[in-house]
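Trainee: Okay, handing you the structure first.
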Amino acid sequence: MILAIVVGAAFRAAFGAQAWAKEGSAFSLRRLLRLAIILLGLQLTATQVAEVGASGVAIIALTLVATFVFTTWLGRLLGVSPKLAQLIAAGTSICGASAIVAANAVTRGDEEDVAYAVACVTVFGSVAMFVYPLLPGLLGLAPHAYGLWSGASIHEVAQAVAAGFAHGAESGEAGTVAKLTRVAMLAPVVLLLGTAFVRRASHAGGEGASVKTPTPWFVIGFIALACLNSAITIPPDVKEPIVALTAFLLTVALAAMGLGVDVAKLKAKGLRPFLLGLAAFLFIASFSLALVKLTT
């Protein structure tokens, strides 16, 4: 999925913007992306959140909020554009590329912002996936505590699951549930970002009366399917194709974003956003570890 945006950007760099792809790309970004986010709700249940426990949910929520606030604050200090800083914050604190594309649906950053943010979470999430399994012994973490730490701090769902199971089944199961609990927090974050976008637009041009708060119906759909998945048992032969379709739709949407990426503009953003992504990664890893050590 992550590779799709790279392939799209490479195609744009090699052949330029193609008129024939414009309409299809717009459809993918408007319709297919939102459908994919709605379908993500079928990968979450209330039972999974409950399995984390009150202390686990508190660790995850506090880590998410602290990381988001820290990243946006540091972004201002580094001179990173607010929209790009928010995308990096969303990708780091919630669930990687999926959170970035969902957040961008309401913050309305450009394709280069999305590509840069996805690159950051891909690089640092991959580093975490390989480094984390080496650390439980050094840090004195029991299997469940290590899984909770992995799920609370690693960027992508796949990365968190891989890092968790690399230390055993107990760690993997704890990490998976913790990560999916973070995914559940995507909906309120996107709603808050939409409200913040409207406020910035109003203050910037004095157009408060003409700017409406965006209604992210795809987030409401996400919540509805998560509730449905919690209320009834969906047969595996029904759910598994939907999960595969979700990954496919996200891949298509990211490829469409890649087709809109101007590599020259991406380079012009410089190193500061990358340093912001690094700082956000180090913060979420250390902050969540401290909370896990304090409560386990």
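The values are calculated or read from the model by the stated rules, or taken from the named source; none is laboratory data. The shown structure was predicted, so the numbers you read here are calculated from the model rather than taken from an experiment. Every residue, glycine among them, receives a Cβ derived from its backbone with ideal geometry; neighbour counts consider all protein chains shown.
Trainee: Is it true that some residue in the range 137-144 is in a helix (DSSP H, G or I), touching a residue at least 40 places away in the same chain (Cβ under 8 Å) and farther than 19 Å from L250 by Cβ?
Mentor: Yes, that holds for at least one residue.
Trainee: Determine whether the range 268-287 contains at least one residue that is modelled with pLDDT under 95, surrounded by fewer than 19 Cβ atoms within 10 Å (Cβ to Cβ) and more than 20 Å from A89 (Cβ to Cβ).
Mentor: Looking through the range 268-287, at least one residue is modelled with pLDDT under 95, surrounded by fewer than 19 Cβ atoms within 10 Å (Cβ to Cβ) and more than 20 Å from A89 (Cβ to Cβ).
Trainee: Being surrounded by 20 or more Cβ atoms within 10 Å (Cβ to Cβ) and closer than 17 Å to A145 by Cα is the filter here; which residues of the range 20-73 pass it?
Mentor: Scanning the range 20-73 gives Q48, V49, V52, G56, I59, I60, T63.
Trainee: Could you tell me which residue of the range 1-37 is modelled with the highest pLDDT, considering only residues that are among the charged types (D, E, K, R) and over 20 Å from the mean Cα position of the chain (by Cα)? Lay out the reasoning, then the answer.
Mentor: Within the range 1-37, the subset among the charged types (D, E, K, R) is 12, 22-23, 30-31, 34.
If we keep only those that are over 20 Å from the mean Cα position of the chain (by Cα) as well, we get 12, 22-23.
Numbers: R12: 77, K22: 77, E23: 81.
So, considering only residues that are among the charged types (D, E, K, R) and over 20 Å from the mean Cα position of the chain (by Cα), the one modelled with the highest pLDDT is E23.
Trainee: Another question, then. Since S286 meets every condition but one in (1) among the polar types (S, T, N, Q); (2) farther than 23 Å from G175 by Cβ; (3) without any contact (Cβ under 8 Å) to a residue 40 or more places away in the chain, which condition does it not meet?
Mentor: (2)
Trainee: Of the numbered conditions (1) at pLDDT 90 or above; (2) more than 20 Å from W217 (Cα to Cα), A90 fails exactly one; give the number of that condition.
Mentor: Just one mismatch for A90, condition (2).
Trainee: Sticking with this one: Can you give me the number of residues within the range 160-176 that are of a type outside the set (F, W, Y), assigned to a helix (DSSP H, G or I) and surrounded by fewer than 24 Cβ atoms within 10 Å (Cβ to Cβ)?
Mentor: The total comes to 7.
Trainee: Of everything in the range 90-115, what is of a type in the set (G, A, S), in a helix (DSSP H, G or I) and within 19 Å of V6 (Cα to Cα)? Give them in sequence order.
Mentor: Those that are of a type in the set (G, A, S), in a helix (DSSP H, G or I) and within 19 Å of V6 (Cα to Cα): G91, A97, S98, A99, A102, A115.
Trainee: Specify which of the listed residues (A231, A253, A247, A224) is surrounded by fewer than 17 Cβ atoms within 10 Å (Cβ to Cβ) and modelled with pLDDT under 85. So that I can check it myself, show each step before the final result.
Mentor: Values: A231 fails: modelled with pLDDT under 85; A253 fails: surrounded by fewer than 17 Cβ atoms within 10 Å (Cβ to Cβ); A224 fails: modelled with pLDDT under 85.
Sole residue among the options that is surrounded by fewer than 17 Cβ atoms within 10 Å (Cβ to Cβ) and modelled with pLDDT under 85: A247.
Trainee: Can you name the number of the only condition in (1) under 13 Å from M185 (Cα atoms); (2) more than 15 Å from the chain's Cα centre (by Cα); (3) not charged (D, E, K, R) that G56 fails?
Mentor: With respect to (1) under 13 Å from M185 (Cα atoms); (2) more than 15 Å from the chain's Cα centre (by Cα); (3) not charged (D, E, K, R), G56 is out only on (1).
Rundown of residues vs (1) assigned to a helix (DSSP H, G or I); (2) aliphatic (A, V, I, L, M); (3) free of Cβ contacts under 8 Å to residues at least 60 places away in the same chain, yes/no style:
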residue: W20; (1), (2), (3): yes, no, yes
residue: R30; (1), (2), (3): yes, no, yes
residue: R34; (1), (2), (3): yes, no, no
residue: A50; (1), (2), (3): yes, yes, yes
residue: T63; (1), (2), (3): yes, no, no
residue: A66; (1), (2), (3): yes, yes, no
residue: G75; (1), (2), (3): yes, no, no
residue: A85; (1), (2), (3): yes, yes, no
residue: I88; (1), (2), (3): yes, yes, no
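Trainee: Okay, moving on. Quick one: in the range 177-187, which of the residues that are under 10 Å from I60 (Cα atoms) and of a type outside the set (K, R) is surrounded by the fewest Cβ atoms within 10 Å (Cβ to Cβ)? Don't jump to the end; show me each part of the working.
Mentor: Of the range 177-187, the ones under 10 Å from I60 (Cα atoms) are 178-179, 181-182, 185.
Okay, now just the ones that are also of a type outside the set (K, R), so 178, 181, 185.
Working: A178: 30, T181: 24, M185: 19.
Checking each candidate, the answer is M185.
Trainee: Among (1) over 18 Å from the mean Cα position of the chain (by Cα); (2) surrounded by fewer than 14 Cβ atoms within 10 Å (Cβ to Cβ); (3) at pLDDT 90 or above; (4) more than 28 Å from S28 (Cα to Cα), which single condition is A209 missing?
Mentor: (3)
Trainee: Further question: Of a type in the set (D, E) and buried (at least 23 other Cβ atoms within 10 Å of the Cβ) - does that describe any residue in the range 113-135?
Mentor: Checked the range 113-135: at least one residue is of a type in the set (D, E) and buried (at least 23 other Cβ atoms within 10 Å of the Cβ).
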